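The values are calculated or read from the model by the stated rules, or taken from the named source; none is laboratory data. Remember, predicted model here, so these are calculated numbers, not experimental data. The area values use the complete protein model at the heavy-atom level, side chains included, leaving out ligands, DNA and RNA. Shrake-Rupley method; radii C 1.70, N 1.55, O 1.52, S 1.80 Å.
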Amino acid sequence: MRPAAFCTSLLTAATRSFALTTPTTHLVSSFSQSTKMVDYRELTNQLVTKMKQEDDLRNKAYDRSWELNAALIRVEMAHEEVLSSPDKKELISILEKEEESLDNLFRETALSPGMYNNIVHNPSGNDEITAIHDRAPRRGNIDNKMESYARYKSVRYYLKENKRVLSPNAPCFAGTRKILTDEEYLGGACIGLCHDLSKIAVSRASNAMSDPTAVQFVQDARDTVSNILQELLEFDWRNSPLRRKYDSTKYALKQLETVLYELSVAGALGGHDSVKLEEEGGPKQKRIKVDDKDNSDGKKEEKDKEIEISALGTFKQEIAEIKDRMDHRDKLTRL
């Protein structure tokens with residue numbers, strides 16, 4: 001036999017003997033592969049279950065947002081009925097009940113862990129939620145409804161409480177957990193208030209001839225929007241969602257100033273006593289002057305002025321605190 005053929009036969013025999021003497025290696029490898037496949041299937045099943053849970057929570061959040069929107073609409077309709085109806089006693093009681101249910105619904109939503117994409121879990125490793133993180137994002141579009149809630153409460157407070165801006169620490173926003181985030185308060189109770197005041201001022205100005213308080217309301221609304229915009233100028237909005245809303249506040253202020261100027265011109269040309277155009281400033285400065293027909297309440301006006309100045313100082317301090325918190329979070333995101 002040739003050496004090459006002999007070597008080939010030896011190699012073939014050695015390979016066959018190795019295959020016959022080591023069957024367990026193939027069994028072990030096939031068993032390990034089957035074990036890995038079982039693990040992958042379990043992980044896949046866990047992932048599918050988790051996705052279904054997330055879908056259920058998201059659907060519940062969207063259902064709750066519809067409930068919040070319907071509650072807001074009911075309250076606004078009840079308020080409109082109170083304003084338009086001569087018999088207000090029964091309607092006022094209905095409005096109070098609707099507002100109470102509205103507050104309870106929003107508070108319950110803010111305290112419900114299922115309404116958040118939570119990032120704080122049980123240390124044991126399961127998915128049980130033990131705490132709501134202060135900055136946990138809300139599910140669905142509940143954050144927009146919270147902003148609408150802040151806008152509604154701020155407008156009603158302004159019209160009821162002598163033209164003041166609702167505080168972020170107001171009882172309707174307080175609780176074991178804050179109902180609103182800083183962004184929701186700024187977008188609803190501040191920026192949203194500016195737009196609603198602009199709309200209300202236009203409506204009141206159209207009846208200025210028959211409503212002696214319309215001009216004063218427009219002027220107070222202009223001052224309030226101007227103060228809010230002055231505080232918002234201190235913020236560094238960057239590309240945040242509030243940036244576009246902040247830009248629109250300038251147009252609300254411009255509209256109020258235009259309404260005041262048109263009222264002053266209409267008063268000067270039409271002989272309306274409640275509005276007179278200032279001689280020194282001229283029409284270009286868009287300033288008006290409201291006549292004081294009754295000077296007997298001087299002390300009361302001075303007291304109201306002091307209260308107004310104090311409320312403005314408190315508002316500026318609260319806005320400054322919000323700005324500090326937002327600046328701090330902005331620095332943390334850039335680290």
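When only alpha-carbon atoms count, how far does region 142-239 stretch along each of its three principal axes, as whole angstroms with the largest first?
Computed over region 142-239, the largest-to-smallest principal extents equal 47, 30, 20 Å.
Just how much of Lys60 is accessible, in Å², when a 1.4 Å probe is used and the result is rounded to the nearest 10?
The value for Lys60 is about 130 Å².
With a 1.4 Å probe and all protein chains kept in place, how do Tyr40, Tyr116 rank by accessible area, largest first?
Result, largest first: Tyr40, Tyr116.
Ordering Trp66, Trp237 by accessible area with a probe of 1.4 Å, largest first, what comes out? Don't skip to the answer; put the middle values down first.
Working: Trp66 180, Trp237 15 Å².
Listed by decreasing accessible area, they come as Trp66, Trp237.
In µm²/s, what is D for region 183-274 at 4 °C and 1.567 mPa s, where D = kT/(6 pi eta Rh) by Stokes-Einstein and Rh is the Kirkwood radius from Cα pairs?
Diffusion coefficient, whole number: 93 µm²/s.
How many times 2.2 N^0.38 Å is the alpha carbon radius of gyration of region 187-235?
1.24
What order do Val48, Val225, Val165 take when sorted by accessible area (1.4 Å probe), most exposed first?
Ranking Val48, Val225, Val165 by accessible area, largest first, yields Val48, Val165, Val225.
Could you run the Debye sum over the Cα atoms of region 44-188, one equal point scatterer each and no solvent, and tell me log10 of I(q)/I(0) at q = 0.15 Å⁻¹, two decimals?
-0.82
List the pairs from Lys60/Lys153; Lys60/Lys331; Lys97/Lys153 whose alpha-carbon separation is above 23 Å, in the order I gave them.
Numbers: Lys60/Lys153 25 Å; Lys60/Lys331 34 Å; Lys97/Lys153 15 Å.
Correct reply: Lys60/Lys153; Lys60/Lys331.
Please list the non-local residues whose amide H lies under 5 Å from the amide H of Tyr116, H modeled 1.01 Å from N, same-chain partners needing a gap of 5 or more.
Amide H neighbours of Tyr116, under 5 Å, 5+ apart: Arg139.
What do the square roots of 5 times the Cα gyration tensor eigenvalues come to for region 154-205, in whole Å, largest first, as semi-axes of the equivalent ellipsoid?
23, 12, 6
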